[in-house]
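Heads up: the structure comes next, in C-alpha cells.
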Amino acid sequence: MIRSNLEILPRGVQVALALSLVALLAFPFAGTDFYTEMVTRMMIMAIFAMSLDLLQGVTGLVSLGHAAYFGLAGYALAFLTPQGEPVSLWWTLPVAVLASGLAALVIGFFVVRTHGIYFIMVTMAFAQMVFFLFFDNKALGGSDGLYINFRPDASLFGWVPFDLDGKRTLYYFTLAAMLGVYVFLRRLLLSPFGRALAGIRVNEHRMRAMGFATFGYKLTAFTLAGSLAGLAGYLWGTQTGYINPELMGFQMSAHTIMMVVLGGMGNIAGAIVGAFAFEYLLHVFKDLPQVGSVNLGKHWQLWMGLFIVRLVTFAPRGQLGLVERFGRSSKPQEAPHE
Amino acid sequence: MDIANFFIQLLNSVQYGLLLFMLAAGLTLIFGIMGVVNLAHGSFYMLGAYLAWSLSAQLGSLTLAILVGAALSVLFGLALEWLLFRHFYERDHLDQVLLTFGLIYIFEELRSILWGDDVHGVPIPELLGASIPLTDNLSYPVYRLFMSGICLALAAGLYFLISKTRLGMKIRAGAFNRDMAEALGVNIKLIHAVVFALGVGLAAVAGMIAAPVASVYPNMGSQVLIMCFVVVVIGGIGSVRGALIAALLVGLVDTFGKVLLPQVAGMLVYVLMAVVLLYKPEGLFKQ
C-alpha cells in the first residue's frame, strides 16, 4: 500500500510559497524581537525537517535518531569556539557540517542494511549511543551541556559582510540557508539520483533487480541528510549559544518526524510548512494559561500527545499533509516522465 | 577482579538480563505477531513501578501490590488494545511510531498529574531484606536473587504457554500466517488482545519487581525502552528465545563494561549491536 508522493507542487502551492517567502522577508520589520527570534528558530527547524524528509518522505526510511546529527554539529561549534573570543564562521560551519556528515556515514554504514522496524529501532539506538557519549562524559559537557559564549564571526580578511550578533542578520542568514537547502533538495528530488531514491521507497527489490546498487544510494542519502541536519544544528548553536544532550534525544527526533508528517512527506516544501506548524503548536501549548490551580501550559506534553494520537487515529496519512490538503484545491500537474 | 567480586557481577548481570528479557519478550511478541512498533512499551514498565510504589503504600505489602498491580496492568493493556492499538495493526510503521510516541507524552503527563514528579523509593519486603555474606566485606542481597527467581519462573511460564498449550499453538499459528490461521477458525482478534495484554503485564511486573532496587522516577521508561530495542534487534524480531539470549548477553556486556571499562560502558552495548548487525542484519534468531 504505497501512496505516491505529491512531488510536483501545484500552481496554487507554488504561489502560496512565494507569498510566504515575501512575508518572511518582510517579517523582521513587522514583528518584535521576540517573534523574530521565534521565526528564526522555526526556520532552523525547517532546515532540520527538510533534511529528514529526504530520508523519510523521499527514500522511505523512517529514522528515529536524526537528532543525533543535529546535535553533533552544535557540539562541534561549542568545541571550536574558544572561551574568550569568537571563531570564524567560514571554516567552522563546513567543519561542523562535515562532522555530522561523517557520523551519519559511519552510523549509516550499519543502519542502512536494515529494513522497516529494524531501521527505526537501530537508528534510535545509535542516536542514543551518541546521546550517552555526551551525557556520561564530563569532558564533553555531560548532562549540563556546553555554552557557546560567542556567535561565529563572519569577517573575511578584515572585511565584515554581516554580523551574526544582530537578531535581524541572523534571521536573514538563516532564511538564506533555508532557501539554499530547499532549492538544493528540490533539484535533488527531481534529479536522476532523487528518482532512484523515490524508486527505493516504492520498491527496493525492483530497483536492485534493475541494477541499482541501493545500499550506496541509501547510504548517500543518509549521509547527506545527516550533514544538512548538522547545518541546522550549527545554526541552533549559534542562535541559542547553548547546547545540551537533550538536542540529540529521541524526543527531538520524534518531533521532527511529526513535522514532516504534518506538512506532507516527500516534497520538501511540506517539511518547511510542517516545521512552522509544529513549532507554533508547541509554542501555543506551552503558553496555555493558568486555569484555577492548574497550569495548563506546564502539561504541554499531554496536549501534544493528545493532538498526535488524535491526528494519526482519525486522519490516515496522505490526507494529512498540509501542503497536499492545500494543493487539492488546485489541479496537480502530470508527473514528468523519466 | 577477585573471584567473589566476579561472582557478584555475574549475578548482577544475569539479574539485569532477565529483567530486560521480561520487557523485551512482550515487545518482540507484539512486533512479531501484530507487526506493531511500540515505543510506549517503556511506559508500561514505568506504570508498573509507580503502581508498586502507590499500591504497596496503600496495601502495606509489596507482594499484594504486585498481584493487584499485575491484574490492573493486564486490564489496562486490554483496554488500550481495544481502544487504540487494534486499529493500527495494518497501518504503516510510521503511524505506529507517531501513535506510540504520542502515548508516551500522554502517559508521562498523566503520571505527573497523578503521582507527581518526585523520585520515590519502594522498601524491600522484610522477608527478603537480608544479604548473603560472600566474604568479609562482600555480600549479595537476597532480594536480587528473588528478582531473578521471579523472572526465571515467568520465562519458564512463557515458554510453557507458547510451546505447550493450545493457546500458544494459536499464537504461533497467528505469527506464522495470520490469514491462514484465521481461515482455520482461530479467533485472531482475541489472540492479538491476549498477546498485547500479556506484553503489558510482563513489562509492568518487571517495573514492579525492579522498583525496590531501581527506585521510581519520571521518564524511567525511555531508557529501558532503548535497551529493549537493542535486545530485540540482537535477538531477532518475534523470537522469544532470541530475546532471552540477547537480554542475557546485553546484561553481561553492560554490567561487566561498567566495572572493567567505565569510560565507554554506556556505548559497549551499542557496539555489540553494531557487530551483530554487521554479520546478521536480522538478528541472531530471526524467525
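Read-outs: derived from the displayed coordinates by stated rules, not from any lab. Everything numeric in this text was worked out from a predicted model, so none of it was measured. Because the Cβ atoms are built from the backbone with ideal geometry, glycine has one as well, and the counts that use them run over all protein chains shown.
Data overview
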quantity	calculated
Summed side-chain charge close to A:Pro28 - residues other than A:Pro28 whose Cβ falls under 14 Å, Lys, Arg +1, Asp, Glu -1	+1
Computed [θ] at 222 nm, deg cm²/dmol, chain A (DSSP H ≥ 4; -39,500 (n - 2.57); rounded to nearest 500)	-22000 deg cm²/dmol
Using alpha-carbon coordinates, inclination of helix B:265-279 to the longest axis of chain B, degrees	40 degrees
Candidates A:Gly266, A:Gly241, A:Gly84, ranked by Gaussian network fluctuation over chain A, Cα under 10 Å, top entry	A:Gly84
Other-chain or far-sequence residues with amide H under 5 Å of B:Tyr140's (modelled H)	B:Ile132, B:Leu134
Partner chain coverage, peptide A:104-111 - average Cβ within 10 angstrom	2
Helix axis angle, B:166-176 relative to chain B longest principal axis, alpha carbon, degrees	70 degrees
Listed residue (A:Asn137, A:Ala277, A:Leu189) projecting farthest to the positive dipole end of segment A:11-327, Cβ model	A:Leu189
Least to most buried among B:Cys228, B:Cys151 (fewest other Cβ within 10 Å first)	B:Cys151, B:Cys228
Segment B:237-266 versus segment A:110-168: alpha-carbon centroid distance in Å	28 Å
Average projection area in nm² (convex hull over Cα atoms of the protein assembly as shown, one quarter of hull surface)	32.2 nm²
Derived scalar couplings ³J(HN,Hα) [segment A:5-20; Karplus, 6.51 cos²θ - 1.76 cosθ + 1.60; whole Hz; x for Gly, Pro]	7, 7, 9, 8, 6, x, 3, x, 5, 4, 4, 4, 5, 4, 5, 5
GNM flexibility winner over chain B from B:Leu83, B:Leu161, B:Leu225 (Cα, springs under 10 Å)	B:Leu83
Charge dipole magnitude, Cβ of K and R +1, D and E -1 - segment A:11-327, Cα centre, debye nearest 20	1100 debye
Set A:Lys218/B:Lys280; B:Lys164/B:Lys286; A:Lys218/A:Lys286; B:Lys170/B:Lys286; B:Lys189/B:Lys286 screened for pairs whose C-alpha atoms are more than 27 Å apart	A:Lys218/A:Lys286
Charge context of B:Tyr50, other residues only, Cβ under 12 angstrom, K/R +1, D/E -1	-2
Helix B:62-83 axis, angle to chain B major axis (alpha carbon atoms, nearest 10°)	30 degrees
Whichever aspartates and glutamates have a C-alpha closer than 14 Å to that of A:Lys298, once near sequence neighbours (fewer than 8 apart) are set aside	A:Asp287, B:Glu108, B:Glu109, B:Asp117
Residues A:Trp91, B:Trp53, A:Trp159, sorted so that the one with the fewest Cβ neighbours within 10 Å comes first	A:Trp159, A:Trp91, B:Trp53
Within 10 Å of each Cβ in B:86-93, the average number of Cβ atoms from other chains	3
GNM result for chain B, Cα springs below 10 Å: residue of B:Gly185, B:Gly199, B:Gly242 fluctuating most strongly	B:Gly185
222 nm mean residue ellipticity, helices alone, for chain B (DSSP H n ≥ 4; -39,500 (n - 2.57); rounded to 500)	-25000 deg cm²/dmol
Peptide-level mean, for A:130-137, of C-beta atoms on other protein chains within 10 Å	3
